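Note sheet for the following structure.
The values are calculated or read from the model by the stated rules, or taken from the named source; none is laboratory data. In this text the structure is predicted, and so the values were computed from the model without any measurement. Quick reminder, even Gly has a Cβ in these numbers, built from the backbone with ideal geometry, and neighbours come from all protein chains shown. For accessibility, only protein heavy atoms count, side chains too; no ligands or nucleic acids. Shrake-Rupley method; radii C 1.70, N 1.55, O 1.52, S 1.80 Å.
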Amino acid sequence: MKKLAIASPILGMLLATAATAADLPIAPVFAAPPSCPAHRFQGFYAGLNVGGTAWTANRTDQDAFVSEAATYVQKQSGFIGGGQIGYNWSRCNSLFGGELDGDWTNASVTTRFLPNVPGVDARVTSRFPGLMIGRVRSGLVLDNLMIYLTGGIAAASFRTTYGLVTAAPPFAASTEISEWRWGWVTGLGTEWAWSERISITSEVLYVDVRDREHQRLIVPTTGAAPFLSNFTHGDSMWISKWGVNFKL
């Protein structure tokens with residue numbers, strides 16, 4: 001009986017504690033936040049790129065300066081390389097961003113006319129030194145891979161030389177047209193997050209540059225009278241390049 005009397009106060013305390021605990025509110029259980037893989041591409045970035053270009057130059061000699069009044073289609077492939085800088089906004093599995101690209105290329109092509117006629121050197125040489133692009137990107141992110149569409153404006157640099165030399169009658173004249181022209185760009189690409197700060201990119205772009213007419217005063221070096229000649233230039237190119245981006 002003595003043991004029971006001692007245990008009764010202890011039992012009462014335990015029951016009171018249990019009753020008090022039962023009255024306490026139950027803490028809510030929160031679900032784990034959803035995974036948002038696009039966040040790994042969020043923010044400023046800068047990088048480098050290399051690749052190749054397939055360039056088409058349309059050169060129209062309206063006044064038959066070097067050969068005949070016609071449009072000469074010149075095609076050439078070349079190396080392209082440069083850098084880019086941009087910013088991405090992310091929303092879980094989607095992404096929207098803007099990017100500026102600057103690239104150098106070594107594409108150059110020469111078309112010769114009447115190459116088998118002695119004493120005649122008539123040619124058109126076109127060069128494509130560089131390209132600037134400003135564009136937006138919009139894509140979906142699956143795990144660490146982003147697939148995106150891109151489009152915007154482009155500015156391309158060209159240098160075109162028209163030249164004609166004949167032995168009989170003696171005649172020599174040439175003119176060079178250096179220009180930057182505006183156009184548009186569209187394409188698609190992928191970007192793979194190799195680490196938290198480094199990603200690998202690959203993309204294919206198509207650039208179309210608006211036509212422009214030029215009028216030049218041709219001054220022959222052989223003493224013939226100067227004359228005006230008119231030309232029209234149009235260009236387009238496919239670009240495939242690979243790059244690496246570093247988050248800033």
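Return only the number of the condition from (1) assigned to a strand (DSSP E or B); (2) open to solvent by less than 20 Å² (accessible area, probe 1.4 Å) that PRO220 does not satisfy.
Result: PRO220 passes all but (1).
Residue under question is ARG40, and the condition is that it be in contact with a strand residue (DSSP E or B) (Cβ under 6 Å, 6 or more places away or on another chain), open to solvent by less than 90 Å² (accessible area, probe 1.4 Å) and at pLDDT 95 or above; does it hold?
Numbers: in contact with a strand residue (DSSP E or B) (Cβ under 6 Å, 6 or more places away or on another chain): yes; open to solvent by less than 90 Å² (accessible area, probe 1.4 Å): yes; at pLDDT 95 or above: no.
Criteria not met by ARG40.
It is to be established whether one or more residues within region 77-89 are closer than 30 Å to ALA122 by Cβ, open to solvent by 30 Å² or more (accessible area, probe 1.4 Å) and out of contact with any Leu (no Cβ under 6 Å at 6 or more places or on another chain).
There is at least one residue in region 77-89 that is closer than 30 Å to ALA122 by Cβ, open to solvent by 30 Å² or more (accessible area, probe 1.4 Å) and out of contact with any Leu (no Cβ under 6 Å at 6 or more places or on another chain).
Are any residues in region 223-240 open to solvent by 10 Å² or more (accessible area, probe 1.4 Å) and in a strand (DSSP E or B), and if so, which ones?
So in region 223-240, the residues open to solvent by 10 Å² or more (accessible area, probe 1.4 Å) come out as 223-228, 230, 232, 236, 238, 240.
If the condition is that a residue be open to solvent by 10 Å² or more (accessible area, probe 1.4 Å) and in a strand (DSSP E or B), then PHE227, LEU228, ASN230, THR232, SER236, TRP238, SER240 are the ones that fit.
Yes/no per residue for (1) modelled with pLDDT under 95; (2) outside any loop (DSSP other than H, G, I, E, B); (3) touching a strand residue (DSSP E or B) at 6+ places or on another chain (Cβ under 9 Å); (4) more than 29 Å from LEU131 (Cα to Cα):
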| site | (1), (2), (3), (4) |
| --- | --- |
| PRO9 | yes, yes, no, yes |
| LEU14 | yes, yes, no, yes |
| PRO25 | yes, no, no, yes |
| THR53 | no, yes, yes, no |
| VAL73 | no, yes, yes, no |
| GLY86 | no, yes, yes, no |
| LEU100 | no, yes, yes, no |
